[in-house]
Amino acid sequence: MRRLAALLVLLAVPALAGEETLTVERLFDDTPLGGRLPTEYTWLPGGASFSYLERTGPGRDAKATLWIEDAATGTREAFLTDDDLEPFADKDGGVKPRLAGSTWSPDGAALLLDGGADLFLVERSGKKVRRLTTSPAKEEVPAFSPDSTRLAFVRDNDLYVLELATAKGARLTADGSADRLNGRLAWVYQEEIAGRGGRAVEW
C-alpha cells in the first residue's frame, strides 16, 4: 500500500524541473528520469583533450553527438553527429556508420567507425568521412599501426592490412576457417585471458 501511495505522489509531481508531468509511460521509458549521461569517455593522444558521446531524444530515436573537450579550459566542440553520417546509409536499408565504439588513431588525427560490415575513417582536420572497406563480410577487431598509417583487421577469420592513405588492402593469411582463427581469439581465450578484447594480433 505504501508503494502505491508513493507512486501516486510521483505521478502528481512534474518531472524534475521541467513542465512535463511524470506518467507511468515516462517511468518505464528507456530514457533515465535524470536524463542521459555522456558515455564512452576517451582521452585523445597527448592528454590535452578527451571525447565523449552525448545522446538526445527519446528511446531508440535518440541522436548521438561526439564531443571533443579541452581538459584545461572546458571548452568543447561538436565533432561529429549521427546526421553527419546519414549520407553513408545504404539506400537498401543498410547500416550507416556508428559513433558508438569509435576508436581514435594513435596520433589523434583520425577516428575509426564501424558501419555494419564495413569500416569508415573520419579525418579530424576537415571532418572528412571516407569508407575504407566494401565487403559483405564483416571486418572485426581492427587495430591501427603505431604510426597511424595502416589498419589491421580480420575478415572471415583471415588477417588483412590496409593502407589508410589509399584504402588499398592486402590479405596476409588464406587458411582461415571456423576452426582456424587468424588474428582473432576463440571465446575461451577471449573470456579468460584477453579481458574480452578478442584481438590476437599486435603491431
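The values are calculated or read from the model by the stated rules, or taken from the named source; none is laboratory data. Bear in mind the structure is a predicted one, so any value in this text is a computation, not a measurement. Here the Cβ is made from the backbone with ideal geometry for all residues, glycine too, and neighbour counts use every protein chain on show. With ligands, DNA and RNA removed, areas are computed over all heavy atoms of the protein, side chains included. Shrake-Rupley method; radii C 1.70, N 1.55, O 1.52, S 1.80 Å.
Note on residue 55: accessible area approximately 80 square angstrom, rounded to 10, probe 1.4 Å, nucleic acids and ligands left out.
Rolling a 1.4 Å probe over the protein heavy atoms gives segment 59-203 an accessible area of 56 Å² per residue.
The Cβ shell under 11 Å around residue 145 holds other residues with a net charge of -3, Lys and Arg each +1, Asp and Glu each -1. Taking the protein heavy atoms of segment 66-151 in the context of the full set of protein chains, the accessible area attributed to carbon and sulfur is 51 percent at 1.4 Å. For segment 109-203, averaging the sequence separation of C-alpha pairs within contact (under 8 Å, six or more residues apart) and dividing by the residue count gives a relative contact order of 16 percent. Modelled spin-label separation between residue 180 and residue 148, with each label point placed 7 Å from Cα along the Cα-to-Cβ direction: 3.7 nm. Under the classification rounded if a/c is under 1.5, otherwise prolate if a/b is larger than b/c and oblate if not, where does segment 46-200 fall, given a ≥ b ≥ c as square roots of the Cα gyration tensor eigenvalues? Prolate is the answer for segment 46-200, as a/c is 1.5 or above and a/b outweighs b/c.
A 1.4 Å probe, protein heavy atoms only, puts the accessible area of residue 54 near 50 Å². Exposure check, 1.4 Å probe, all protein chains in place: residue 171 carries approximately 130 Å² of accessible surface. A full extension of the chain between residue 75 and residue 36 corresponds to an added length of 12.0 nm, given 0.36 nm per residue minus the alpha carbon distance. Between rounded, prolate and oblate, where does segment 32-87 land on the alpha carbon gyration tensor, with a ≥ b ≥ c its root eigenvalues, rounded for a/c under 1.5, else prolate if a/b exceeds b/c? Oblate, because a/c is 1.5 or more while a/b does not exceed b/c.
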